[in-house]
1. Taking interchain pairs and intrachain pairs at least six residues apart, which have beta carbon atoms under 9 angstrom, with the first residue in the stretch 5-34 and on the phi < 0 side of the Ramachandran plot and the second basic (Lys, Arg) and exposed (fewer than 15 other Cβ atoms within 10 Å of the Cβ)?
2. Please verify whether residue 255 is touching a Leu at 6+ places or on another chain (Cβ under 7 Å) and in a helix (DSSP H, G or I), treating the condition exactly as stated.
3. Kindly indicate whether residue 201 is buried (at least 16 other Cβ atoms within 10 Å of the Cβ) and either more than 17 Å from the chain's Cα centre (by Cα) or at pLDDT below 95 (or both).
4. Are there any helices (runs of 4 or more DSSP H) wholly within the stretch 86-146 with 1 or more residues that are β-branched (Val, Ile, Thr) and touching an Asp or Glu at 6+ places or on another chain (Cβ under 7 Å), and if so which?
5. Identify all residues within the stretch 206-258 that are of a type in the set (Ser, Thr, Tyr) and touching a Gly at 6+ places or on another chain (Cβ under 8 Å); write none if there are none.
6. I'd like the residue in the stretch 68-88 that is over 21 Å from residue 114 (Cα atoms) and small (Gly, Ala, Ser) and, out of all such residues, is surrounded by the fewest Cβ atoms within 10 Å (Cβ to Cβ).
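The values are calculated or read from the model by the stated rules, or taken from the named source; none is laboratory data. In this text the structure is predicted, and so the values were computed from the model without any measurement. Neighbour counts run over all protein chains shown; Cβ positions are idealised from the backbone, glycine included.
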Amino acid sequence: MKIKVLGSAAGGGLPQWNCNCSNCAAVRRGDPGITARTQSSLCVSENDSDWVLLNASPDILQQIRATPELQPARAPRDSGIVCALVMDAQIDHTAGLLLMRERATPLPLYATPSVWAELCEGFPIGPMLSHYCGLDYRTIPMDVRGFKVPELPHTRFIAVPLSSAAPPYSPNRHRPAPDDNIGLLIENESSGAVVFYAPGLGRIDSHVREAMTGADLLLIDGTFWQEDEMVRRGLSTKSATDMGHLPQSGSSGMIAALDSLPEIAGRAAGQRRKVLIHINNTNPILRDDSPERRELDRHGIEVAVDGMTFCV
């Protein structure tokens with residue numbers, strides 16, 4: 001199974017269109033110590049021809065151009081993307097669906113019932129696309145058995161409910177439902193490898209820790225370094241927690257959580273890869289030469305970049 005990072009940034013990307021924080025400014029002036037990033041998304045394949053899109057960011061067209069595997073050109077109109085799977089109804093994970101409207105047939109879309117309801121009402125992509133290619137909705141079950149996508153017969157996807165924030169336009173914004181935000185366990189039945197993908201994670205509950213403990217590869221929320229990161233920079237009045245994200249630093253932050261994970265049974269020490277993804281443009285870990293990046297290095301934690309590829 002191959003997993004490619006299409007986009008590694010949080011909403012807005014890097015640089016964000018209207019942001020002049022030090023990171024965004026550095027990218028614009030061509031600083032070699034920092035790399036531009038598009039908004040968070042992955043794709044998964046077993047054969048390099050059929051790809052499941054995990055989240056459809058507003059940067060999907062740029063991401064497809066940068067990923068030749070997604071355009072095999074077998075016909076005048078073609079795509080390697082066989083379906084999309086969205087993990088929440090946030091704009092930065094779903095707006096890209098609108099840019100895929102030229103399909104000749106409805107796009108298969110996997111989503112939980114709460115997310116599908118939002119995509120039909122609060123952010124009505126479903127009704128809008130009904131005037132174009134349409135969406136073929138397929139339910140993501142919230143049970144431990146998971147589900148398979150026909151084109152990836154040896155891969156099982158299992159939804160893991162996450163404590164995070166529903167979109168501002170959601171009636172569940174202040175009373176979240178278990179299926180508003182999910183992580184995904186991606187199990188390869190051929191290799192036995194397990195991947196846990198959770199780009200939006202506000203709290204590590206016991207079932208989330210269990211998912212993290214059993215994974216060979218973690219692609220986990222790296223949005224903020226500090227709880228008050230946006231407030232310190234005068235860019236928001238909201239904390240990381242307010243926005244549904246667990247910061248990396250602090251005694252109860254992501255670094256401490258990753259450090260506390262036990263070794264994988266039957267695997268060599270240090271074999272689990274820990275990769276931060278969905279990184280906000282303000283986060284100092286985006287700089288290759290920052291003290292914060294060196295701290296991550298000491299803990300064996302990587303920082304995702306667009307185009308990063310994993311074979312598991």
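1. So the pair list comes out as 15/28; 20/28; 21/233; 22/233.
2. no
3. So residue 201 passes the test.
4. Here the list reads 113-120.
5. The answer is 223, 241.
6. Applying the filter and picking the extreme gives 75.
Residues checked against (1) touching a residue at least 40 places away in the same chain (Cβ under 8 Å); (2) buried (at least 22 other Cβ atoms within 10 Å of the Cβ); (3) basic (Lys, Arg):
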{"site": "162", "(1), (2), (3)": "yes, yes, no"}
{"site": "182", "(1), (2), (3)": "yes, yes, no"}
{"site": "193", "(1), (2), (3)": "yes, no, no"}
{"site": "212", "(1), (2), (3)": "yes, yes, no"}
{"site": "237", "(1), (2), (3)": "no, no, no"}
{"site": "244", "(1), (2), (3)": "yes, yes, no"}
{"site": "256", "(1), (2), (3)": "no, no, no"}
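So that you can scan it fast, the table gives a plain yes or no per residue for (1) in contact with a helix residue (DSSP H, G or I) (Cβ under 7 Å, 6 or more places away or on another chain); (2) buried (at least 16 other Cβ atoms within 10 Å of the Cβ); (3) modelled with pLDDT of 95 or more; (4) not hydroxyl-bearing (Ser, Thr, Tyr):
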{"residue": "17", "(1), (2), (3), (4)": "no, no, yes, yes"}
{"residue": "24", "(1), (2), (3), (4)": "no, yes, yes, yes"}
{"residue": "27", "(1), (2), (3), (4)": "no, yes, yes, yes"}
{"residue": "41", "(1), (2), (3), (4)": "yes, yes, yes, no"}
{"residue": "44", "(1), (2), (3), (4)": "no, yes, yes, yes"}
{"residue": "51", "(1), (2), (3), (4)": "yes, yes, yes, yes"}
{"residue": "62", "(1), (2), (3), (4)": "no, yes, yes, yes"}
{"residue": "66", "(1), (2), (3), (4)": "no, no, yes, yes"}
